[in-house]
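Heads up, the thing below is written out as structure tokens.
The values are calculated or read from the model by the stated rules, or taken from the named source; none is laboratory data. Everything numeric in this text was worked out from a predicted model, so none of it was measured. Neighbour counts run over all protein chains shown; Cβ positions are idealised from the backbone, glycine included. These accessible areas exclude ligands, DNA and RNA; they are computed on the full protein's heavy atoms, side chains included. Shrake-Rupley method; radii C 1.70, N 1.55, O 1.52, S 1.80 Å.
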Amino acid sequence: MTQSVVVQVGQCGNQIGCCFWDLALREHAAVNQKGIYDEAISSFFRNVDTRVIGDGGSISKGKICSLKARAVGHRVFGSLYQDQILEKLRKSAEHCDSLQCFFIIHSMGGGTGSGLGTFLLKMLEDEFPEVCRFVTSIYPSGEDDVITSPYNSILAMKELNEHADCVLPIDNQSLFDIISKIDLMVNSGKLGTTVKPKSLVTSSSGALKTRHKKPFDAMNNIVANLLLNLTSSARFEGSLNMDLNEISMNLVPFPQLHYLVSSLTPLYTLTDVNIPPRRLDQMFSDAFSKDHQLLRADPKHSLYLACALMVRGNVQISDVRRNIERLKPSLQFVSWNQEGWKTSLCSIPPVGHSHSLLALANNTCVKPTFMELKERFMRLYKKKAHLHHYLQVEGMEESCFTEAVSSLSALIQEYNQLDATKNMPVQDLPRLSIAM
């Protein structure tokens, strides 16, 4: 059994991480009712609690202007706490029999998550070059309350481009939209629309540790449920488990294009016995609907490089293959990877569900998010607004901004080149024939 180390950075990263641990314990308690420390739980848990590598408060607190927090997090706190953090990372790695992956959870708009988070990413690459680096990045919405979030995000994007193996970009606005969709269903008052409390992806009902509710708990629980499904193959048995390294191996054909759009379904399960269970086919259809994406994107109208389907529960491989064949005509893949599907089957469903699906798509639909981020950056940068806050920090120069926006522009151009091939006919390559 392989192990992974989770690194939570900043307020957002730690809040999501806490939700993940609570819900993961809930899952393991439902399966392992005797409370035995077995292989499944050892993939993420140890008998000694070392889930957080450092006190987030001790790093992020202080009288530092939030406008320049990203520069301080990356340039100042990174160097200041490097040895302390590295020592704890090494100790965590030494306790693993087979270290497979580092999970980094952080936000892009804030100071600590974008600054210190990307500093740690580079440090992990230097110290553990053979270990996969998965990053869950929360992108700010257009109404973000941090006015300099475009600066923070663009500077962080350059580090993600260079040092991450896979990035799961998640948009705050998409999380808000999913919450609104669920609330509309729960409060509709229609006959037969009672929802199982434990089945809501926005709820932590049934978690082993009771926490005071916080304003962003519903949003954080959605991301935590994504991570639960992503790591299910590492934590539980299945007829077709997917190694986490296989995700980057199969879904990332080019080093720079490692941004995976995620969708989660179902969002809830109905309790009324008179209502038939959600049809399996509908679950697969929803995974490709723009309403279920955790990024504002419509993958059906963009180009797929590859796609992974991570299924949990009582689902047969024949059901997965049948749905792939059913959906194929409505999805456009690059001409050189028409069979770019990767599937996994985990026998243990999430709590409150009979089955679930996490879809990860390497798709050009991620491009508009990057373009919008660049536009927001340029509106500030053209006026040099708030730039002096960053330049006051030692090591920060204006060239850092120009290099960062150039890196993002090059990434957008790569997606543009792929989109230009979208409607090109697919050539039937000749099959290998064996002379008898």
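Things to note:
- Yes/no for Ala361 being under 23 Å from the mean Cα position of the chain (by Cα), small (Gly, Ala, Ser) and at pLDDT 90 or above: yes
- Residues (open to solvent by 40 Å² or more (accessible area, probe 1.4 Å) and more than 16 Å from Ser263 (Cβ to Cβ)) located in the range 292-328: Asn314, Gln316, Ile317, Ser318, Arg321, Arg322, Glu325, Arg326, Lys328
- Single condition Leu280 does not satisfy, out of (1) within 15 Å of the chain's Cα centre (by Cα); (2) of a type in the set (A, V, I, L, M, F, W, C); (3) open to solvent by 10 Å² or more (accessible area, probe 1.4 Å): (1)
- Some residue of the range 62-85 being more than 30 Å from Ile147 (Cα to Cα), out of contact with any helix residue (DSSP H, G or I) (no Cβ under 8 Å at 6 or more places or on another chain) and either assigned to a loop (DSSP other than H, G, I, E, B) or modelled with pLDDT of 90 or more (or both): no
- Scope the range 295-321; condition out of contact with any Asp or Glu (no Cβ under 7 Å at 6 or more places or on another chain) and assigned to a loop (DSSP other than H, G, I, E, B); matching residues: Ala297, Asp298, Ser302, Asn314, Val315, Gln316
- Looking across the range 343-381, the residues that are farther than 22 Å from Val223 by Cβ and outside any helix (DSSP H, G or I) come down to Thr343, Leu345, Ser347, Ser354.
- Some residue of the range 176-183 being surrounded by 22 or more Cβ atoms within 10 Å (Cβ to Cβ) and either aromatic (Phe, Trp, Tyr) or free of Cβ contacts under 8 Å to residues at least 60 places away in the same chain (or both): no
- Only one of the numbered conditions (1) more than 27 Å from Lys384 (Cβ to Cβ); (2) open to solvent by 10 Å² or more (accessible area, probe 1.4 Å) is violated by Leu124, and that is (2).
- Identity of the residue in the range 373-385, crowded, with 16+ Cβ neighbours inside 10 Å and not hydroxyl-bearing (Ser, Thr, Tyr), that ends up farthest from Val334 (Cα to Cα): Leu380
- Residue among Ser263, Ser233 that alone is surrounded by 21 or more Cβ atoms within 10 Å (Cβ to Cβ), at pLDDT 95 or above and outside any loop (DSSP other than H, G, I, E, B): Ser263
- Residue tally, condition at pLDDT 85 or above, open to solvent by 60 Å² or more (accessible area, probe 1.4 Å), more than 19 Å from Gly111 (Cα to Cα) and assigned to a loop (DSSP other than H, G, I, E, B), over the range 387-436: 1
Conditions tested, residue by residue: (1) within 22 Å of the chain's Cα centre (by Cα); (2) part of a helix (DSSP H, G or I); (3) modelled with pLDDT of 75 or more.
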residue: Asp183; (1), (2), (3): no, yes, yes
residue: Lys190; (1), (2), (3): no, no, no
residue: Ser204; (1), (2), (3): yes, no, no
residue: Thr210; (1), (2), (3): no, no, no
residue: Pro215; (1), (2), (3): yes, no, no
residue: Ala224; (1), (2), (3): yes, yes, yes
residue: Leu228; (1), (2), (3): yes, yes, yes
residue: Met242; (1), (2), (3): yes, no, yes
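- Summed over the range 10-30, the residues that are charged (D, E, K, R) and within 15 Å of the chain's Cα centre (by Cα) give a count of 0.
- Subset tally (residues that are modelled with pLDDT of 90 or more, over 17 Å from the mean Cα position of the chain (by Cα) and not small (Gly, Ala, Ser)) for the range 133-176: 7
- So Ile324, is it on the phi < 0 side of the Ramachandran plot, of a type outside the set (Asp, Glu) and either at pLDDT 95 or above or not in a loop (DSSP other than H, G, I, E, B) (or both): yes
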